Amino acid sequence: MDHVELLSAIPMFEDLGPDDVAALAKAVVPRQFSAGQMIIHQGEAGTSMFIVVDGNVNIHLPGEQSRRISLKDIAAGEYFGELALFDDKPRSASAVATTDTKLLELDRKTLSAYLQSRPHAAIVLLSTLAARLRATNEMLSQRAAKNAVQEVESKLTWSQKLADKVAELNGSWAFILILLGTTALWFTINSAAIKTGAFDPYPYVFFNLLLAILVALQGPLIVMSQNRSAIKDRAQAETDFQVNLKNEVNIETLLRELGELRTETAGRLERLEKRLGN
């Protein structure tokens, strides 16, 4: 995939014209990182974004290896660090190359010069960023905790609900008792009416046919229900992961702010003691 095609696939640049993308592709700088090499550090000043050409990058909150909070894995065709193009805030997370990685770097000066020479591209870029900001605000305004099982069940069709009911019935004593009762009643009726003409005399061929059809239908229905159970489990696991990740990020933020508060308090106490000593 060449640089033009790669940039065209990025949502932030996908609405730009072919000439604009081609001009931007000439302005990016290729960068190489080996596996395990840090690309950006949380808290450092940033002025550029990175686009992954080949390899994998992990975005995380730093800490000891056991306390590192992984936020996202970035693969080829994805990008990170784009906020540094528009503000002077420190990096909000760290990034490390998990494999040998090739990146394209686009810094703020290059983007500014590009937009000055192509003002119409700035409008397109701002519109795309505004749409992404709205989507991010909507996502952050939603609660991470949700009843994933209920959401999956609310989207089931009547046939899927029927399959679940059949699978639930098959795994109960009610089904066993119904089957035993039907079998006993079938045998009793045909045995009592054997002299007058039983509709299914021994060896009960028609009854065996019905049982074979029942077994043939049960298998696919049970498998369908099991597949939906697996989907519910995956949805619940994803919800649990999001909740845990959000809690870890909030705890990490609280600890960092608490440390800053302690440092600031200690500094004020030290200055107050100096004044009182004088």
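The values are calculated or read from the model by the stated rules, or taken from the named source; none is laboratory data. All values reported here derive from a predicted model rather than from experimental measurement. Counting neighbours? That spans all protein chains shown, and the Cβs are built from the backbone with ideal geometry, glycine included.
Brief remarks on what is shown
- Flag if N227 is loosely packed, with under 13 Cβ neighbours inside 10 Å, within 30 Å of R68 (Cα to Cα) and not hydrophobic (A, V, I, L, M, F, W, C): no
- Search result, residues across region 33-88 that are in contact with a Pro (Cβ under 8 Å, 6 or more places away or on another chain) and either surrounded by fewer than 20 Cβ atoms within 10 Å (Cβ to Cβ) or among the polar types (S, T, N, Q) (or both): H41, Q42, G43, E44, A45, V53, R68
- Some residue of region 265-273 being surrounded by 10 or more Cβ atoms within 10 Å (Cβ to Cβ), in a helix (DSSP H, G or I) and either touching a Lys or Arg at 6+ places or on another chain (Cβ under 8 Å) or among the polar types (S, T, N, Q) (or both): yes
- Qualifying positions in region 86-100 - of a type in the set (D, E, K, R) and farther than 20 Å from S70 by Cβ: D87, D88, K89
- Of everything listed in (1) crowded, with 20+ Cβ neighbours inside 10 Å; (2) modelled with pLDDT under 80; (3) not polar (S, T, N, Q), the single unmet condition for H3 is (1).
- Matching residues, region 85-103, being among the aliphatic types (A, V, I, L, M) and either part of a loop (DSSP other than H, G, I, E, B) or in contact with a Lys or Arg (Cβ under 7 Å, 6 or more places away or on another chain) (or both): L85, A93, L103
- Any hit, region 197-206, residues being assigned to a helix (DSSP H, G or I) and in contact (Cβ under 8 Å) with a residue 40 or more places away in the chain: no
- Some residue of region 37-58 being within 22 Å of L245 (Cα to Cα), among the charged types (D, E, K, R), under 24 Å from the mean Cα position of the chain (by Cα) and outside the structural domain of E252 (by TED's automatic domain parsing): no
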